[in-house]
1. Once label points are set 7 Å from the Cα along Cα→Cβ at both residue 148 and residue 104, what is their separation, rounded to one decimal in nm?
2. May I ask you to derive the FRET efficiency for residue 141 and residue 3 from their Cβ-Cβ distance with R0 = 41 Å, giving the value to the nearest 0.05?
3. Rounded to the nearest 0.05, what FRET efficiency is calculated for residue 130 and residue 195 with R0 set to 22 Å and r the Cβ-Cβ distance?
4. Which lysines have a Cα less than 26 Å from the Cα of residue 39, not counting those fewer than 8 places away in the same chain?
5. Residue-wise, which Karplus ³J(HN,Hα) couplings in Hz belong to region 165-170, taking 6.51 cos²θ - 1.76 cosθ + 1.60, θ = phi - 60°, and x for glycine or proline?
6. Compute the convex hull volume of the Cα atoms of region 66-107, divide it by the residue count, and report the result per residue in Å³ as a whole number.
7. For the modelled label position 7 Å from the Cα of residue 28 along Cα-to-Cβ, which residues of region 52-66 have backbone nitrogen atoms closer than 16 Å?
8. Can you give me the distance in nm between label points at residue 111 and residue 54, each placed 7 Å from the Cα along the Cα-to-Cβ direction?
Amino acid sequence: MDKIKVAVIGTNIGCTLHIRALRAAGFEVTTLVGRDLEKTVYRAGHFAIPNALTSVDQALDSEVDAIVIATPPATHHPLAMRAIAAGKHLICEKALALDVGHAEEMRDAADEAGLANMVCHEFRWFAQNALARQVVRSGQIGEPLHVTAQFDHTLCAPRQLDTPDWWLSRQEGGGWLRNYNAHVIDLIRYIVGEFAAVAGTVHPGADRGMTADDSYALKTVATALVDHQDRYHDRCPMK
């Protein structure tokens, strides 16, 4: 059986993460798409990818079976809809879209077209996270009632740290909640279960010219906890 051919759109995380992961999983990466031709050609050569393009349409017209979208969040919806219309299977980086409506449109279009589609949440496959899910879902530690999750990254620390311009912009899908806490939210759902309620706040903290958040607080209540409380009140009704 021939290997499934993939085009990667995006030359930053597309190169540092997706190319290696795709090859390790048995896919053939045939095309790299970027905005800067010189940089795209150089990085395609470094990874021994035969086709270096700056045209998404040209990639979609080629004989690739699937597309990886590894570009800033504001570009995800239009790129995904074009890939789906071209009949390409799809992996899209998080944050999936700028709003729920666009995310649902992407999902529904891919499902209607019968195409494989998923959001890239690579932390699910870390051994410790897979083990945590197995332990919790098997009931070995009983029913979880409280989970504390903390996600730290050096990108959040020094003010002078170099970050992409889009990361600073709310309109372009930047900020820490969308781009890092998305992993925490997914891992809680993956390991423990679905949320019953969510409350939180985001705001720019340090004065670095951001319109997107660089600080957030988030509290969730899991469905399992609500079910536990309901059962407790059934057994011990308040008089």
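1. So the label points at residue 148 and residue 104 sit 3.7 nm apart.
2. Values: r = 41 Å, r/R0 = 1.00.
Efficiency at R0 = 41 Å is approximately 0.50.
3. Numbers: r = 21 Å, r/R0 = 0.94.
Efficiency, rounded to the nearest 0.05: 0.60.
4. Correct list for residue 39: 5, 88, 94.
5. Couplings: 4, 5, 5, 7, 9, 5 Hz.
6. 55 Å³
7. Of the residues in region 52-66, 52, 62-66 have backbone N under 16 Å from the label point off residue 28.
8. Once both label points are built, they end up 3.9 nm from each other.
Since every read-out is calculated from the coordinates, none of them should be taken as a lab result. As the structure is a prediction and not an experimental result, all values here were calculated from the model. As a convention, Cβ positions derive from the backbone with ideal geometry for all residues, glycine included, and neighbour counts pool all protein chains shown.
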